[in-house]
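The values are calculated or read from the model by the stated rules, or taken from the named source; none is laboratory data. Here the structure is a predicted model, which is why all the values come from computation and not from measurement. All Cβ positions, glycine included, derive from the backbone under ideal geometry; neighbour counts span all protein chains shown. Ligands, DNA and RNA are excluded from the accessible area calculation, which covers all protein heavy atoms including side chains. Shrake-Rupley method; radii C 1.70, N 1.55, O 1.52, S 1.80 Å.
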Amino acid sequence: MEINEKLIAELKAKHPGKELYLVTVEGKGCILRSPSRQDLSYASVVKDPIKLNEVLLNQLWVAGDEEMKTDDSLFMAVCAKMEEVLKIKEAEIKKL
């Protein structure tokens, strides 16, 4: 998959307000977007951890080499980085 500034600008325009992430493994790559509450809610009913990653990958997929979804070793490598895509902001609490 060839990533250039034009493609990035087009994808950002298609997904306003979302962060985009490039994940690469051995010359293959995919672009994922940050999740919405709906994405997380949809995936939360899945109990199998591998299936959960598969559902999340499909939900957050923007563009990329399809082998990232179908080749087990590439898929597992993407799953290992999924936590960074799902990272939520840190909240602060203060008793008043």
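Structure data summary
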quantity: Enumeration of residues in the range 70-96 that are in contact with a helix residue (DSSP H, G or I) (Cβ under 7 Å, 6 or more places away or on another chain) and without any contact (Cβ under 8 Å) to a residue 24 or more places away in the chain; calculated: PHE75
quantity: Residues that are acidic (Asp, Glu), under 20 Å from LYS81 (Cα atoms) and not in a loop (DSSP other than H, G, I, E, B), drawn from the range 1-55; calculated: ASP39, GLU54
quantity: Enumeration of residues in the range 56-85 that are assigned to a strand (DSSP E or B) and either on the phi > 0 side of the Ramachandran plot or polar (S, T, N, Q) (or both); calculated: GLY64
quantity: Complete set of residues in the range 35-58 that are without any contact (Cβ under 8 Å) to a residue 40 or more places away in the chain and open to solvent by less than 60 Å² (accessible area, probe 1.4 Å); calculated: SER36, ASP39, ALA43, VAL46, LEU52, ASN53, VAL55, LEU56, LEU57
quantity: Hits in the range 50-79 (condition: over 11 Å from the mean Cα position of the chain (by Cα), of a type in the set (A, V, I, L, M) and within 15 Å of LYS28 (Cβ to Cβ)); calculated: MET68, LEU74, MET76, ALA77
quantity: Top-ranked residue of the range 1-34 - restricted to ones that are open to solvent by 40 Å² or more (accessible area, probe 1.4 Å), charged (D, E, K, R) and farther than 13 Å from ASP65 by Cβ, ranked as modelled with the lowest pLDDT; calculated: GLU5
